[in-house]
Amino acid sequence: MKNLIGIDKNKAQELSNNLNELLADYQLYYQNLRGMHWNIKGREFFELHVKFEEYYDDAVIKIDEIAERILTLEGEPLHSFTDYLKISKISESKNITNGVEGIKIIISNFQVLISKEREILELAADASDEGTVSIMSDYIS
């Protein structure tokens, strides 16, 4: 059985599940960036304040794209932080004021995101889902 866009329904469900995990990771990553943007102190403030804003602006676009792709695959995007916290591999970062510590956290968050994007890229290629392949390729690059 195939869904409306011609993807095997079982593969589409697996992709939706994995995209929901990525969505949860991006939501925690986004919130971590917001907190660091607001709370960073010290001589790195001006550079990091702007950089964190650039990153969270990018993340909010990706969050919407991921949720819309899940809908396209006939899945349901998660939309509560309760759900996100249960499945995200990214942990909440709270009260981060030190720039070096913030950068280390963001690098760690990037590693989680890229790893999941590569996993989804392989699943999407196996499902002949060029739409998801394209999105993941863009994110990874």
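The values are calculated or read from the model by the stated rules, or taken from the named source; none is laboratory data. Since this is a predicted model, take the numbers as computed values, not measurements. Note that each Cβ is placed from the backbone with ideal geometry, even for glycine, and that neighbours are counted across all protein chains shown. Just so you know, the surface numbers come from the protein's heavy atoms only, side chains and all, with ligands and any DNA or RNA stripped out. Shrake-Rupley method; radii C 1.70, N 1.55, O 1.52, S 1.80 Å.
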**OP:** Roll a 1.4 Å probe over the protein chains and send me the accessible area per residue for the chain in Å².
**Re:** 57 Å²
Original post:
GluC sites (Glu not before Pro), restricted to segment 103-141: which are DSSP loop and have at most 13 other Cβ atoms within 10 Å?
Top reply: none
**OP:** Determine the relative contact order of the chain: mean sequence separation of Cα pairs under 8 Å and six or more apart, normalised by residue count, in whole percent.
**Re:** 34 percent
Original post:
Hey, what's the per residue convex hull volume over the C-alpha atoms of the chain, in cubic angstrom?
Top reply: 91 Å³
**OP:** Determine, for the chain, the count of lysine pairs separated by eight or more sequence positions (or lying on different chains) whose alpha-carbon distance falls under 18 Å.
**Re:** 14
Original post:
Over the heavy atoms of HIS49, what accessible area does a 1.4 Å probe trace out, to the nearest 10 Å²?
Top reply: 50 Å²
Subject >> Rounded, prolate or oblate (a/c below 1.5 giving rounded, otherwise prolate when a/b exceeds b/c) for segment 40-93 by Cα gyration tensor >> reply: oblate
Original post:
DSSP H helices in the chain with Cα extent of 18 Å or more along the helix axis and mean Kyte-Doolittle hydropathy at least 0.0?
Top reply: 99-126
**OP:** Quick one: among ILE105, ILE66, ILE87, which has the greatest mean-square fluctuation in a GNM of the chain with alpha-carbon springs under 10 angstrom?
**Re:** ILE87
**OP:** Might you work out the accessible area of LYS41 for me, using a 1.4 Å probe with all protein chains in place, and round it to the nearest 10 Å²?
**Re:** 130 Å²
Subject >> Helical mean residue ellipticity (222 nm; -39500 (n - 2.57) per DSSP H run of 4+; nearest 500) of the chain >> reply: -26000 deg cm²/dmol
Original post:
Quick one: with all protein chains in place, what share of the accessible area of segment 1-117 is carbon or sulfur, to the nearest percent (1.4 Å probe)?
Top reply: 52 percent
